[in-house]
Amino acid sequence: MDRAPYEGHAGVPKRITQEALMSAATMAVDGTSLRVLSVAGAQSRLVDLLGDERPGARWWVAITRALDDLAEAVHTTPGDLLDPDGFTEQLRADAPHLIGRWQRMAADRDHLTATITAVRLQAGRAAGNPDAVGPVSAAIRDLLTQVRRYQERITDVLLDAYQRDLGGD
């Protein structure tokens with residue numbers, strides 16, 4: 001069978017069949033899981049560090065490193081899950097009601113990355129100041145809540161796309 005009439009941008013099917021959907025969704029879900037683990041690792045380190053009762057110089061260094069790791073993990077999500085242009089075109093053609101939510105993820109990611117950078121700078125400026133532990137810890141807790149909500153929104157869009165059978169036969 002000649003596949004050319006059925007392929008669009010970067011080999012993404014123009015009309016998604018159930019088989020193609022399962023393949024793309026599996027990659028998306030697997031990709032999401034991998035990214036969530038990456039973000040979760042940085043989140044876990046930050047939570048552990050926030051539980052430290054006597055933060056010292058090493059604590060400040062560890063906090064800033066964990067924030068750097070979190071920024072890197074968030075920055076790669078959701079763009080590296082799939083070919084973003086191809087996935088966007090899939091949604092535009094087969095599930096246009098999801099395209100707005102998917103495109104907002106990029107704006108949300110940029111906002112979240114800026115917030116992580118601001119908290120990282122706050123921690124860097126406050127390093128070594130015992131009076132700043134409380135405000136920096138509060139900023140990190142707020143940030144972790146924002147990251148968790150962001151991850152939930154990404155997962156919701158991907159699962160919604162998968163469950164709605166983008167096109168089918």
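The values are calculated or read from the model by the stated rules, or taken from the named source; none is laboratory data. Note that this is a predicted model, so its numbers are computed, not measured. Here the Cβ is made from the backbone with ideal geometry for all residues, glycine too, and neighbour counts use every protein chain on show.
When the criteria are applied in full, His9 meets the requirement of being modelled with pLDDT under 85 and surrounded by fewer than 16 Cβ atoms within 10 Å (Cβ to Cβ). The set of residues in segment 147-169 that are out of contact with any Pro (no Cβ under 9 Å at 6 or more places or on another chain) and either among the small types (Gly, Ala, Ser) or modelled with pLDDT of 95 or more (or both) comprises Ala161, Gly168. Pairs meeting the criteria (first residue in segment 55-74 and under 18 Å from Leu112 (Cβ atoms) and acidic (Asp, Glu), second residue at pLDDT 95 or above and buried (at least 19 other Cβ atoms within 10 Å of the Cβ), beta carbons under 8 Å, at least 6 apart or on different chains) are Asp68/Arg120. Can you confirm whether Arg125 is over 30 Å from Ala57 (Cα atoms), part of a helix (DSSP H, G or I), free of Cβ contacts under 8 Å to residues at least 40 places away in the same chain and not hydrophobic (A, V, I, L, M, F, W, C)? Spelling it out, it is not the case that Arg125 is over 30 Å from Ala57 (Cα atoms), part of a helix (DSSP H, G or I), free of Cβ contacts under 8 Å to residues at least 40 places away in the same chain and not hydrophobic (A, V, I, L, M, F, W, C).
Take segment 123-145 and flag every residue that is polar (S, T, N, Q) and buried (at least 16 other Cβ atoms within 10 Å of the Cβ).
Filtering segment 123-145 for residues polar (S, T, N, Q) gives 129, 137, 145.
Scanning segment 123-145 gives a single hit, Ser137.
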